[in-house]
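Taking it in order: structure first as structure tokens, then the write-up.
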Amino acid sequence: MNELVVKEFTGFTWTDVSNPTYDFLNEMNETHQFDLHLIDDTLQKGHLPKFERIGEWNYLIFRAYSSSVGDKITSVDNTSDKIAFLFNDSNLLTIHHADFNFLNDTSLETNDIEQLVLCILDKMLQTYLSPIHIQSEIMDDFEKKIFLNHSQSISLEELYFQRSKARISKKIILIFQAMLVHFEVEVANKAKYNDIKDTVVNHILMYDEILEDANMLLNSHLAIKAQKSNDIMTLLAIFSAFFLPLTFIVGLYGMNFINMPELKTEYGYFVTIGVMLILSFITYRWFKRKGIL
């Protein structure tokens, strides 16, 4: 709890806080003088991305992807973990509960506090790239199974959770995209800022494709299942059409009456069988002509 790492750069100090408590952040506030309501947002596990300026402080929240491939995701806090940024001209505070290896990356060493924030945001965006490719591969695998007539091996549960994971991740990226509009940067950092905006657009497009594939696969799977049910019903109807007249004849001759047609004829049995065969042939030809068989 309350792990603190302080890094000194030319012109500013970066303080990285892991697993903070409310009391610990309240004590830090006595030194840094940021708004108290930000502590609640910082400690809220499922808080969505946001950006606001309060006095001399800029407050920013973004979420890095942290879910594993097989996780069954239905909420934001299960998909990702957040980092809260508090920064002004001379101080940067990063506050988080999860461990992020990229925060120890030497490429983050810079003497520009704004550039450092942008670099960390870029690292967080990169955490979505590998999961996007994995989800795309899963969608491709589902598509092959469906259109190669192996739809019975598709897990609708897995498809649901893959779609849920993509939907939640896209929502996070979309909110971050809207937030970036209010995040003004110096001219020297415009290139990095525009690169982040391009990455965001690329992620959104890829998530759109995954969601479209998931919806298409679900509809295709249900359509194939419905078609199979229709085929079974058609087959049962054909069997009924064949056996209905035959059953009628058998039932008729099963009645205990003396004056039954052909009952005392020497070849009455064979005549009845012949009539049944003729009826079956006529039924077959009718289905054949209609294209049902």
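The values are calculated or read from the model by the stated rules, or taken from the named source; none is laboratory data. Every value quoted in this text rests on a predicted model; they were computed, and no experiment measured them. Glycine gets a Cβ as well: all are built from the backbone with ideal geometry, and neighbour counts include every protein chain shown.
Criterion applied to 92, 43 was being more than 20 Å from residue 117 (Cβ to Cβ), surrounded by 13 or more Cβ atoms within 10 Å (Cβ to Cβ) and in contact (Cβ under 8 Å) with a residue 12 or more places away in the chain, and the one residue passing it is 43.
Restricting 29, 78 to those that are surrounded by 11 or more Cβ atoms within 10 Å (Cβ to Cβ) and over 30 Å from residue 162 (Cβ atoms) reduces the list to 29.
Does segment 146-194 hold any residues that are of a type outside the set (S, T, N, Q), surrounded by 13 or more Cβ atoms within 10 Å (Cβ to Cβ) and more than 22 Å from residue 76 (Cα to Cα), and which are they? Result: 146, 154, 183, 185, 192, 193.
When residue 31 is tested against (1) in a loop (DSSP other than H, G, I, E, B); (2) among the polar types (S, T, N, Q); (3) farther than 17 Å from residue 172 by Cα, only condition (1) is not met. Could you check, for segment 213-227, whether at least one of its residues is at pLDDT 90 or above and in a helix (DSSP H, G or I)? No: zero hits. One residue alone among 162, 115 is of a type outside the set (Val, Ile, Thr) and touching a residue at least 60 places away in the same chain (Cβ under 8 Å), and that residue is 115. Number of residues in segment 14-27 that are in contact with a helix residue (DSSP H, G or I) (Cβ under 9 Å, 6 or more places away or on another chain) and farther than 19 Å from residue 81 by Cα: the value is 2. Checking segment 54-66 against the condition returns a match, with at least one residue being free of Cβ contacts under 8 Å to residues at least 24 places away in the same chain, assigned by TED's automatic domain parsing to the domain that holds residue 87 and surrounded by 12 or more Cβ atoms within 10 Å (Cβ to Cβ).
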